[in-house]
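The values are calculated or read from the model by the stated rules, or taken from the named source; none is laboratory data. All figures in this text were calculated on a predicted structure; none of them were measured in a lab. Don't worry about glycine lacking a Cβ; one is built from the backbone with ideal geometry, like all the others, and counts go over all protein chains shown. Only protein heavy atoms, including side chains, enter the accessible area calculation; ligands, DNA and RNA are left aside. Shrake-Rupley method; radii C 1.70, N 1.55, O 1.52, S 1.80 Å.
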Amino acid sequence: MLAAYREPLGGHPLLFAALPVDKVAPTPFQRDISDAHVRRLTQAMDKTKRFLDPIIAVREPEQAAAPGATFWTPNGYHRLTALKELDAKSILALVVPERPVAYQILALNIEKAHNLREKAIGVRRMYEDLAPSVDSTEEDFALEFEEPALATLGFAYAERGRLSGGAYHPVLRKADRWLPGKLRDAITVRRERAAALLAYDEAVTAAVAALKARGFQSPYLRTFVVARTNPLRFIKGEPPPVDELLATMTKRARGMDAAKIKTEDVARSGGAPEATE
């Protein structure tokens, strides 16, 4: 330990410490590591011979302990990896005694903003990590999970890594809701909801393929099919339950007749081209 103090906003106690690098492991629910980012960090630290950005560390839960590790870092995966590449023996860290901060840190992340896929995968990893050990509901983790749509998308991405989640996110944001009950019970329903989204994705993909077979090459085809099958624009007030909505949209996508679609119909769909995630 190098110092102890209270941070200036909430007066919470913190320790400033030099921790052995082999005693620190990343949380299992943060974004995957970027080799390019690690390479840039390694080169910069090797050139400057300085480490000036301490990581956050919390005590690692015993049931999730990585071999030899006693601390989790929820925001220092790249810096930790870079220091290991440089054969450093210790890493400077702000040690936080409250373990829940490990889950809240994504909302405090000061690095590159997470894209939709990264956020959704992070939520799913937190969900799976928390579910066996807490008696809380989804809404109790509203800060950490951010929105119900991210939970559904996270479990969908686990099954289909190249899912075009950006095309479906607006629909889910309007209709998806926090599930009642404890996480360990709700997780089954959340996975079923993700499966319904994947069924819709398959129907949309088939509709897009049919349009391409007729010669349509617009980058807005998936956006067009989603808009064409989405009834929310005609519904005033509260949207229908998301499971009912996804079933309706899947049926519409499967029943779409590509022969009846005109070029001007697709052109009017507008919006941004389908995102690659």
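For the reader, a short list of remarks on this structure follows.
- Qualifying residue in the stretch 185-200 (condition: among the aliphatic types (A, V, I, L, M), assigned to a helix (DSSP H, G or I) and at pLDDT below 95): no
- Within the set A213, A227, the sole residue that is modelled with pLDDT of 85 or more, among the small types (G, A, S) and open to solvent by 70 Å² or more (accessible area, probe 1.4 Å) turns out to be A213.
- Residue check for A69: in contact with a strand residue (DSSP E or B) (Cβ under 7 Å, 6 or more places away or on another chain), open to solvent by less than 60 Å² (accessible area, probe 1.4 Å), over 17 Å from E98 (Cβ atoms) and at pLDDT below 90: yes
- Extreme residue, most open to solvent (accessible area, probe 1.4 Å), among residues of the stretch 139-171 that are more than 14 Å from the chain's Cα centre (by Cα) and within 22 Å of P240 (Cβ to Cβ): E139
- Across the stretch 126-136, the qualifying residues are those that are open to solvent by 40 Å² or more (accessible area, probe 1.4 Å) and at pLDDT 90 or above, and the one among them that is nearest to the chain's Cα centre (by Cα) is E128.
- First in the stretch 7-36 and among the small types (G, A, S), second anywhere and assigned to a loop (DSSP other than H, G, I, E, B) and open to solvent by 50 Å² or more (accessible area, probe 1.4 Å), Cβ under 8 Å, 6 or more apart: A17/M1; A17/L2; A18/L2
- Which listed residue is out of contact with any Ser or Thr (no Cβ under 8 Å at 6 or more places or on another chain), in contact (Cβ under 8 Å) with a residue 24 or more places away in the chain and assigned to a loop (DSSP other than H, G, I, E, B), from R124, R177, R173: R177
- Number of residues in the stretch 17-39 that are modelled with pLDDT of 85 or more and more than 30 Å from L130 (Cα to Cα) equals 1.
- Residue, least open to solvent (accessible area, probe 1.4 Å), within the stretch 13-48, restricted to residues that are part of a loop (DSSP other than H, G, I, E, B) and among the hydrophobic types (A, V, I, L, M, F, W, C): F29
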